[in-house]
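To keep things clear, I will list the structure first and then write my remarks on it.
The values are calculated or read from the model by the stated rules, or taken from the named source; none is laboratory data. Please read all numbers here as calculations on a predicted model, not as lab measurements. Note: ideal-geometry Cβ built from the backbone for every residue, glycine included; neighbour counts use all protein chains shown.
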Amino acid sequence: MTTIAVDQISKRFGQQTAVDAVSFTVEPGEIFALLGPNGAGKTTAIRIILDIFKADSGTVSVLGGPMTEAKKDRLGYLPEERGLYQDGQLDRTLVYLATLKGLSGPDASRKVDQMLKRFELYDHRKKKIKELSKGMQQKAQLIVTLIHDPELIIIDEPFSALDPVNTQMVKDLLREERDKGTCIVMCTHQMHQVEELADRLVLINQGKVVLYGGLQEIRRSYSGQEVHVHALTEIPTGLPGAALIEKDNSGYRIHLEPSTTPQSLLRNLVERGVQLEKFEVAIPTLDEIFIQVVTAEGHPQ
């Protein structure tokens with residue numbers, strides 16, 4: 001069963017269209033990245049999925065149908081803004097919030113202790129939330145998100161304020177959840193984290209879907225116009241099919257003419273006696289694709 005099915009949702013605020021006929025699906029056991037520049041409509045889309053906002057048109061199915069109060073106990077949501085009670089004691093606050101998600105008092109206390117130890121917060125459990133560092137507060141919010149073993153997790157900037165060690169711990173935890181069959185929707189501006197974690201993605205710009213599909217398929221579809229070459233001899237000037245040749249560390253980065261394929265460029269190099277050690281098609285990073293797509297579509301300031 002598809003966990004989330006978003007079908008042609010639109011939402012306006014006055015004269016501003018925040019979401020414009022957006023559609024995508026999210027499946028169990030995958031990490032799905034919801035991406036876009038600031039103001040693109042990502043948060044509005046999430047709030048419609050969570051039934052915080054009502055769409056002006058279109059439909060959303062979550063866990064098999066419309067959102068209900070009962071279904072909210074089956075999902076975990078980590079907003080970008082921290083929302084814990086600042087004057088509350090860490091362990092008591094986490095236990096209280098876990099009981100709101102349906103855990104009994106004893107179960108909540110046991111799970112909180114387990115999670116505090118895993119997140120290396122156990123020694124800080126008696127501190128007030130406001131006494132914790134930003135990174136510690138982020139970990140505490142992650143505990144609230146995961147404490148009740150949700151079927152669907154929606155996380156907005158999950159790595160905010162985390163150092164590299166804690167970032168790796170969270171990535172490992174998200175992979176564990178995915179492997180258990182949990183559906184994870186992740187919003188982040190950290191494209192390298194998306195490259196490491198996401199199975200599929202949707203990119204929204206100015207309220208519209210501009211890119212949607214599997215991560216590796218998308219990266220491959222944007223490759224082919226640049227190659228990396230390591231050669232034992234000089235690359236000749238005026239090489240047919242090469243729009244630009246740049247030195248790149250120990251080799252060359254060759255930008256192809258629009259009508260040139262990597263295969264034809266390789267043939268041209270061999271015919272001119274260039275001795276090659278390495279020849280590979282350059283697959284762009286997600287950062288590069290993001291910038292290319294958003295710039296082409298227009299990015300209002």
Counting only residues that are closer than 14 Å to R272 by Cβ, in contact with a helix residue (DSSP H, G or I) (Cβ under 8 Å, 6 or more places away or on another chain) and hydrophobic (A, V, I, L, M, F, W, C), how many does the range 232-257 have?
-> 4
Looking at the range 61-73, is at least one residue touching a residue at least 40 places away in the same chain (Cβ under 8 Å) and farther than 30 Å from K208 by Cβ?
-> yes
Filter the range 168-177 for residues that are farther than 20 Å from G64 by Cβ and buried (at least 18 other Cβ atoms within 10 Å of the Cβ); the one that is farthest from the chain's Cα centre (by Cα) is V170
Residues of the range 79-95 being within 22 Å of F159 (Cβ to Cβ) and of a type in the set (D, E, K, R), which ones?
-> E80, E81, R82
Single match in T260, T188 (criterion: touching a helix residue (DSSP H, G or I) at 6+ places or on another chain (Cβ under 7 Å) and either more than 30 Å from S10 (Cα to Cα) or surrounded by 14 or more Cβ atoms within 10 Å (Cβ to Cβ) (or both)) = T188
How about the range 277-298: which of its residues are under 20 Å from Q216 (Cβ atoms) and of a type in the set (A, V, I, L, M, F, W, C)?
-> V281, A282, I283, L286, I289, F290, I291, V293
For the range 283-294, pairs from a residue that is touching a residue at least 24 places away in the same chain (Cβ under 8 Å) and closer than 14 Å to H189 by Cβ to a residue that is among the β-branched types (V, I, T) and outside any helix (DSSP H, G or I), with Cβ under 8 Å and 6 or more apart or across chains, are V294/V210
Go through the range 36-55 and count every residue that is in a loop (DSSP other than H, G, I, E, B), under 16 Å from the mean Cα position of the chain (by Cα) and closer than 17 Å to Q8 by Cβ.
-> 1
Taking L90, is it surrounded by 15 or more Cβ atoms within 10 Å (Cβ to Cβ), over 19 Å from E177 (Cα atoms), aliphatic (A, V, I, L, M) and modelled with pLDDT of 95 or more?
-> yes
Search result, residues across the range 7-35 that are in contact (Cβ under 8 Å) with a residue 60 or more places away in the chain, part of a strand (DSSP E or B) and of a type in the set (D, E) = D20
How about the range 193-223: which of its residues are part of a helix (DSSP H, G or I) and either of a type in the set (A, V, I, L, M, F, W, C) or over 19 Å from A296 (Cα atoms) (or both)?
-> Q193, V194, E195, E196, L197, L215, Q216, E217, I218
Kindly state which helices (runs of 4 or more DSSP H) lie completely within the range 56-147 and contain at least 2 residues that are more than 28 Å from the chain's Cα centre (by Cα) and not acidic (D, E).
-> 90-100, 105-118
